[in-house]
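Data block below; observations after.
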Amino acid sequence: MTNSHKADQAGWNLDNSYARLPETFYAKQKPEPVDSPELAVLNIEAAEELGLDVEVLKDASAIFAGNELPEGAEPLAQAYAGHQFGHFNMLGDGRAVLLGEQITPKGERFDIQLKGAGRTPYSRGGDGRAALGPMLREYIISEAMDALGIPTTRSLAVVTTGEGIRRETALPGAILVRVAESHIRVGTFQYAANFAETEELKALADYTIERHYPELEDDENPYLSLLKEVIKRQAKLVSQWQMVGFIHGVMNTDNMTISGETIDYGPCAFMNAFDPSTVFSSIDRQGRYAFGNQPPIAGWNLARLAETLLPLLHEDEEKSLELAQEAISEFPKLFHAEWLAGMRAKLGLFNAEPQDKELIDILLSKMHEHGADYTNTFAALTFDKPEETDLYDKPEFDRWYAIWKERLERQEETPEQAHELMKKTNPAVIPRNHRVEEALEAAVEEGDYSVMERLLDALLEPYAHSPEQAEYAKLPPDTDEPYQTFCGT
Ligand code: AMP
Ligand code: MG
């Protein structure tokens with residue numbers, strides 16, 4: 001029996017409901033075969049959740065590379081548009097092919113997408129390919145985000161292609177097998193509103209509601225409900241990013257999902273010292289997507305989504321606009337409520353008091369002023385070791401600390417309960433940039449995946465606070481070079 005026959009028995013249960021949308025939304029596109037695919041990483045937990053047989057998948061590199069198609073695949077590239085750094089462009093899957101949706105044993109539906117699968121009608125000048133380093137980076141960070149409890153696309157596998165790709169230098173090629181509740185983006189709606197008929201826009205909205213928000217179907221105005229629910233999910237999502245210091249780096253509207261999953265791990269990175277102006281991406285010179293700008297940018301992106309829905313919100317244009325504006329104006333409030341609730345939990349607070357915002361703001365401003373590490377400061381407070389923070393001997397910190405302790409005493413919950421809450425909300429480890437780089441270097445340069453495996457072990461239980469994780473909580477050695485990430489993914 002050849003590998004291909006075996007691989008087909010992995011438990012694939014594919015349907016492509018997206019292919020039943022009007023044709024304008026996609027181009028049928030097979031992945032372009034590669035020279036010699038080899039499995040680099042396989043995500044056993046994700047495979048099992050998808051109902052796939054891990055042993056069979058170990059021989060499935062030809063399928064993961066797109067050289068062979070699993071039964072039921074209906075490969076296509078999705079059309080979408082989007083605002084990139086504020087400028088509107090027609091985009092689309094230029095290097096990704098959606099095979100279909102895997103229906104899991106629990107009856108859930110997940111997109112299976114091959115990223116780096118070759119050119120498509122939307123490739124413009126691009127080669128349709130991806131490099132190994134960035135695909136492993138997406139694997140590590142998306143899995144770390146999932147473990148942190150943050151909605152995200154996931155990574156089922158990475159295969160190397162045996163082909164070189166040209167970037168600034170020659171790099172080894174790879175394909176990432178990405179799993180998502182869907183790949184419908186704000187940019188998909190922008191595509192529909194700008195390049196399709198209203199009937200087609202309506203078909204997309206109906207499809208999205210059926211797939212992600214079926215409880216809204218019978219609402220009086222399901223399209224307005226859809227908008228409001230996406231706004232809610234994004235408020236929650238971005239507040240979760242802020243809780244762990246995640247900087248997405250390229251919050252273009254095509255990189256914002258309707259499902260509320262984090263997507264597109266290009267130039268993302270985690271902040272060390274707390275500073276709202278932190279930017280890692282080499283192409284974000286203006287700091288548009290800096291840490292502290294993520295909430296207003298999400299609001300801006302959602303306003304672009306609202307605009308696309310205007311023809312569906314009400315037959316009267318003015319009324320439509322009013323409804324959209326009203327929905328959008330809720331975003332800052334929703335975000336703030338999520339943020340405040342999240343921050344309270346990080347400080348072990350179960351109830352709300354009016355001064356809490358000030359308590360949080362003072363701590364953050366001290367952290368900013370003294371360059372204190374975001375993750376480690378909260379982790380030290382979790383274990384009531386203020387002496388381990390960079391704030392300990394700083395003016396007024398003892399006062400802040402005393403006020404916080406008094407605040408904790410005023411709530412019904414015990415110190416032990418507060419500690420447990422803080423352990424669940426303050427990670428021991430995040431994917432520190434220097435650790436991620438180290439893991440990628442070993443894998444890409446030496447073919448040594450053990451560094452990445454050890455890093456993943458630490459990242460996959462971020463709230464364990466185990467002794468083995470201490471190593472990964474350490475800050476990078478001092479360097480003069482600010483850390484930079486690149487979009488040349
Ligand atoms: P991203 O920066 O990954 O969000 O991608 C923005 C747009 O560029 C999307 O339409 C991608 O499909 C496209 N793109 C990125 N890299 C490539 C590539 N190597 N070949 C073709 N299209 C690409
Ligand atoms: Mg993208």
ask   = What are the residues in the range 210-225 that are in a helix (DSSP H, G or I) and touching an Asp or Glu at 6+ places or on another chain (Cβ under 6 Å), if any?
value = Ser225
query = How do the helices (runs of 4 or more DSSP H) wholly within the range 407-489 filter down when requiring 1 or more residues that are over 23 Å from Leu136 (Cβ atoms) and small (Gly, Ala, Ser): which remain?
reply = 415-425, 470-473
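Matching residues to (1) of a type in the set (Asp, Glu); (2) crowded, with 21+ Cβ neighbours inside 10 Å:
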| position | (1), (2) |
| --- | --- |
| Thr188 | no, yes |
| Leu201 | no, yes |
| Asp218 | yes, no |
| Asn221 | no, no |
| Leu224 | no, yes |
message = Can you find, within the range 265-285, the residue that is farthest from ligand 2 (Cβ to nearest atom) among those that are touching a residue at least 24 places away in the same chain (Cβ under 8 Å) and out of contact with any strand residue (DSSP E or B) (no Cβ under 8 Å at 6 or more places or on another chain)?
response = Asp275
message = The conditions are (1) within 17 Å of Leu363 (Cβ to Cβ); (2) more than 26 Å from the chain's Cα centre (by Cα), and Thr425 fails exactly one of them. Which is it?
response = (2)
query = If you scan the range 153-195, which residues turn out to be assigned to a helix (DSSP H, G or I), more than 23 Å from the chain's Cα centre (by Cα) and among the aliphatic types (A, V, I, L, M)?
reply = Ala192, Ala193
task = Could you please let me know if Glu101 is within 23 Å of Glu49 (Cβ to Cβ) and within 16 Å of ligand 2 (Cβ to nearest atom)?
result = no
task = Would you be able to say whether some residue in the range 256-264 is surrounded by fewer than 24 Cβ atoms within 10 Å (Cβ to Cβ), within 15 Å of ligand 1 (Cβ to nearest atom), on the phi > 0 side of the Ramachandran plot and not assigned by TED's automatic domain parsing to the domain that holds Ser155?
result = yes
task = For the range 270-313, enumerate the residues that are of a type in the set (A, V, I, L, M) and part of a helix (DSSP H, G or I).
result = Ile297, Ala298, Leu302, Ala303, Leu305, Ala306, Leu309, Leu310, Leu312, Leu313
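Matching residues to (1) assigned by TED's automatic domain parsing to the domain that holds Asp219; (2) in contact with a Phe, Trp or Tyr (Cβ under 9 Å, 6 or more places away or on another chain); (3) under 30 Å from Pro431 (Cα atoms); (4) at pLDDT below 95:
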residue	(1), (2), (3), (4)
Ala269	yes, yes, yes, no
Ile283	yes, yes, yes, yes
Gln286	yes, yes, yes, yes
Gly292	yes, no, yes, no
Ile297	yes, yes, yes, no
Leu334	yes, no, yes, no
Asp361	no, no, yes, no
Leu364	no, yes, yes, no
inquiry  = Regarding the range 349-356, can at least one residue be identified that is touching a residue at least 60 places away in the same chain (Cβ under 8 Å), part of a helix (DSSP H, G or I) and either farther than 28 Å from Gln190 by Cα or away from ligand 2 (no atom under 16 Å from the Cβ) (or both)?
reply    = no
request  = Would you check which residues across the range 335-393 are basic (Lys, Arg) and touching a helix residue (DSSP H, G or I) at 6+ places or on another chain (Cβ under 8 Å) and list them?
outcome  = Arg344, Lys346, Lys357, Lys366
inquiry  = Suppose we filter Glu338, Glu369 for residues that are crowded, with 17+ Cβ neighbours inside 10 Å and part of a helix (DSSP H, G or I); which single one remains?
reply    = Glu338
task = Under 9 Å between Cβ atoms, at least 6 apart or on separate chains: pull out the pairs that start in the range 242-254 with a residue that is in the same structural domain as Ser281 (by TED's automatic domain parsing) and outside any helix (DSSP H, G or I) and end on any residue that is near ligand 1 (Cβ under 10 Å from one of its atoms) and among the small types (Gly, Ala, Ser).
result = His248/Gly266; Gly249/Gly266; Val250/Gly266; Asn252/Gly82; Asn252/Gly187
inquiry  = I'd like to check which strands (runs of 3 or more DSSP E) are fully inside the range 30-125 and have at least 3 residues that are within 13 Å of ligand 1 (Cβ to nearest atom), surrounded by fewer than 21 Cβ atoms within 10 Å (Cβ to Cβ) and modelled with pLDDT of 95 or more.
reply    = 87-90
task = Considering only the range 126-146, state which residues are within 14 Å of ligand 2 (Cβ to nearest atom) and either polar (S, T, N, Q) or in a strand (DSSP E or B) (or both).
result = Ala130, Ser142
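The values are calculated or read from the model by the stated rules, or taken from the named source; none is laboratory data. Just so we're clear, the structure is a prediction, and the values are computed from it rather than from any experiment. Methodologically, a virtual Cβ is constructed for each residue, glycine included, from the backbone with ideal geometry; neighbour enumeration extends over all protein chains shown.
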